[in-house]
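Each remark here refers to the structure printed beneath this line.
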Amino acid sequence: MNQIKSPFIKDRLFCPGPVEIPLQFRTPALSSSIYHRSEMFYELFLECRKLLSPIFGSKDGPLILTSSGTGAMESAITNFTSPQDQILVVNGGKFGERWGKIASAYQCQVEELKLNWGTSLTQEMLLNFVKKFPQAKAIYLQSHETSTGVLYELEKLIPTIRSTFSGLIIVDAISSLCAHPMKMDEWGIDIVIGGSQKGFAIPPGLSFIALSEKALQNFSNRPRFYFDLRKEKKEQDEGSSAFTPAISLVQQLYTSLKQIHQTGLEKYFSHHQLLGDAVRAAASGLGLELFPEKPISNILTAMKIPMQIDGSKVVRHLRTQHGIIMAGGQDQLKGKIIRFSQLGYIDQIELIGALGALELTLKKLHHPFELGSGIKEALKIFNQNH
Ligand SMILES: *Cc1c(COP(=O)(O)O)cnc(C)c1O
C-alpha cells in the first residue's frame, strides 16, 4: 500500500455486494458481547429467523449460517444430493456456472441449460429442459444472475415447471432479496438462499437458507459435517446453532431486519425500482446500451461500454479518481460492460453523484456525448416521483 489516497475523495460502494452499510447497522457490532449459549442470544436468533421469513416468503424461519453465500449454496448440494445423482442447473452466467462447479465437485451428474450471457430464461426453455430429465433429483438456478443483470421471472417460471418436475427446486436469491419479491411457498420453490452483504446491507459473513416441508423430508445420506442442515434445523429451532455463530453479524442483522419491517418490504422494492429507472434512463441519455435482455433487474444496471473504450479503464478511473467502486464484467465480459449497482444504502443524491463521476470518466476516455445528458434523464425520473 504505497499509494497515497487523496483526502478529498470518499469511497462509495456501487457494486453488487458488499454494499454500503448505514452507520446504525454498523454499531451493533460494537455493543457489549453476548454469549451464544444464553437466553439473550437464543431470543435474538429466533427473532432474526422470524423476521427473515416474510422476505423469503416462507412459513418456516430460514436457517442462518456462518459463511458467505456460496457456503449456503454448497450446503444445498451436499444436504440434498448423493454422488451420481442427476441434477439440473440453469447456467446463465458466473453464478449459474457456480452451481455446476459445486455439484461436480460433489460428484453429481450435472445437466446444464446453458444460456448465452445476458439472455433471459423463458417458460418454454425451462419447461423443455426439465421434461428432458424426468429422473433428476433437483434443479438449481438463480433469481437474478448478478454477472449479467438478468432477472429470471420466477413467479411465472416456477409454477410452469412445478406440476411437471418432481425434484427439488433450489434458488440462489442472494442478490435479489430485499430488492425484488420472493414468495417461495406461493411459487413452489423448495429452497431459497440469501447472503448478508447484499440487500440486507450488513457486512459479509452470514448466509441464509430457507427450507420447504418437502426439502425437510428429502435430506440425503451423504456424509457431511459443518453444513449439516439436519443438525442446524434442530438446534436453530431452539435459538441455538450447531457451532459458534458470527454473533456480532447476527446483532447487525437484527437491526437491519427491524428496519426492513418498520419501513415495509414494498417500499424497498419501489426504492430499487426508482433507482433502477433512474440509472437506465441515464444510460440511455449517455448513449450506452443495456447489456441484458428484459426483464432487467433493479439490483444493478449492466451497461455496454462502446468498443473503442476499455471497460476496465472506466472501472479503474471511477475508483481511483472519484472513489466510486463499481464492478466490471467477468470472464467473457471483461472490459465490455460495467455493472452499476443500486443495492444497499444508496440515496438519490448519491446516485446522481455516481452518475456524474461516470460522465466525467466517459469524457476523459473520449466517449462522445454532451456533459450532463445522463444526469438530466435521471433527475427527470426523480422529479416525476417527487
Ligand atoms: C453475491 C452472490 C453470490 C454469493 O457470493 P459469496 O461471495 O459467496 O457471498 C452467489 N450468487 C449470487 C447470484 C450472488 O450475487
Alpha-carbon Rg with Dmax, taken over region 262-302, Å: 11.7, 39
Accessible carbon and sulfur surface of the chain relative to its total accessible area, %, 1.4 Å: 53
Which residues does the label zone of residue 237 cover in region 8-49, counting backbone N under 19 Å from a point 7 Å along Cα→Cβ? 42-49
Largest first and rounded to whole Å, the semi-axes √(5λ) derived from the alpha carbon gyration tensor of region 104-259 read 28, 21, 14
Computed on Cα atoms, Rg of region 98-144 relative to 2.2 N^0.38 Å comes out at 1.20
Between residue 380 and residue 294, take the C-beta separation as r, use R0 = 30 Å, and let me know the FRET efficiency to the nearest 0.05. 0.90
Among 361-369, 180-188, how do they line up from the highest to the lowest mean number of other beta-carbon atoms within 10 Å? 180-188, 361-369
Taking N as the number of residues in region 119-207, what is its Cα Rg relative to 2.2 N^0.38 Å? 1.11
Full-extension gain between residue 107 and residue 334, please, as 0.36 nm times their residue separation minus the C-alpha to C-alpha distance. 78.7 nm
Could you give the angle, 0 to 90 degrees to the nearest 10, between helix 123-132's Cα long axis and the longest principal axis of the Cα atoms of the chain? 40
Once each part is reduced to its C-alpha centroid, what is the distance from region 58-112 to region 315-356 in angstrom? 29
Any idea what diffusion coefficient region 81-171 gets from Stokes-Einstein, in µm²/s, Kirkwood Rh on alpha carbon pairs, 10 °C, 1.306 mPa s? 123
Using R₀ = 51 Å, calculate the FRET efficiency as 1/(1 + (r/R₀)^6) where r is the Cβ-Cβ separation of residue 284 and residue 219; round to 0.05. 0.55
Expressed in angstrom and rounded, the centroid-to-centroid distance over alpha carbons for region 284-312 and region 159-231 is 30
Which values of log₁₀ I(q)/I(0), to two decimal places, follow from the Debye formula for the chain at q = 0.10 Å⁻¹ with a uniform point scatterer at every Cα? -0.66
How many percent of Cα pairs in region 244-285 exceed 15 Å? 60
With bins of 5 Å, the percent of all Cα-Cα pairs of region 1-53 per bin from 0 is 4, 13, 11, 17, 18, 12, 8, 6, 8, 2
Sparse-neighbourhood loop sites, GluC sites (Glu not before Pro) in region 311-386 - DSSP loop, at most 16 other Cβ within 10 angstrom: 370
If all Cα-Cα distances of region 52-114 are sorted into 10 Å bins from 0 onward, what percent lands in each bin, rounded to whole numbers? 21, 43, 31, 5
With viscosity set to 0.890 mPa s and temperature to 25 °C, compute the Stokes-Einstein D of region 237-386, Rh being the Kirkwood radius across alpha carbon pairs; µm²/s, no decimals. 144
Distance in nm between pseudo-label sites at residue 308 and residue 164 (7 Å out along the Cβ direction from Cα): 4.8
If Lys and Arg each add +1 and Asp and Glu each add -1, what is the summed charge of the other residues whose beta carbon sits under 12 Å from the beta carbon of residue 381? +1
Rolling a 1.4 angstrom probe over the protein heavy atoms, how many square angstrom per residue are accessible across region 338-386? 51
Mind ordering 303-312, 22-31, 126-135 by average Cβ neighbours within 10 Å, highest first? 303-312, 126-135, 22-31
If each residue of separation counts as 0.36 nm, what is the full-extension length gain between residue 155 and residue 316 once their alpha-carbon separation is subtracted? 54.2 nm
Mind checking the log10 I(q)/I(0) for region 1-138 at q = 0.09, 0.20 Å⁻¹? Debye, one equal scatterer per Cα, no solvent, two decimals. -0.49, -1.27
Can you pull the one-decimal nm distance between simple spin-label points at residue 366 and residue 6, each 7 Å off the Cα toward Cβ? 2.3
Computed on alpha carbon atoms, what radius of gyration and Dmax characterise region 220-325, expressed in Å? 21.4, 59
Quote the relative contact order of the chain in percent (integer), defining contacts as alpha-carbon pairs under 8 Å separated by 6+ residues. 23
Counting only heavy atoms of protein chains, what accessible area per residue, in Å², does region 1-144 have with a probe of 1.4 Å? 49
What order do you get for 323-335, 161-173, 67-79 when each peptide is scored by the mean count of other beta carbon atoms within 10 Å, highest first? 67-79, 161-173, 323-335
Quick one: dipole size for region 60-189, taken about the Cα centre, charges +1 on Lys/Arg Cβ and -1 on Asp/Glu Cβ, in debye to the nearest 20. 240
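The values are calculated or read from the model by the stated rules, or taken from the named source; none is laboratory data. Keep in mind that what you see is a predicted model, and the values were worked out from it rather than measured. Reconstructed Cβ throughout: ideal geometry from the backbone, glycine too, with neighbour counts over all protein chains shown. We work out accessible area using only protein heavy atoms, side chains counted, and drop any ligands, DNA or RNA first. Shrake-Rupley method; radii C 1.70, N 1.55, O 1.52, S 1.80 Å.
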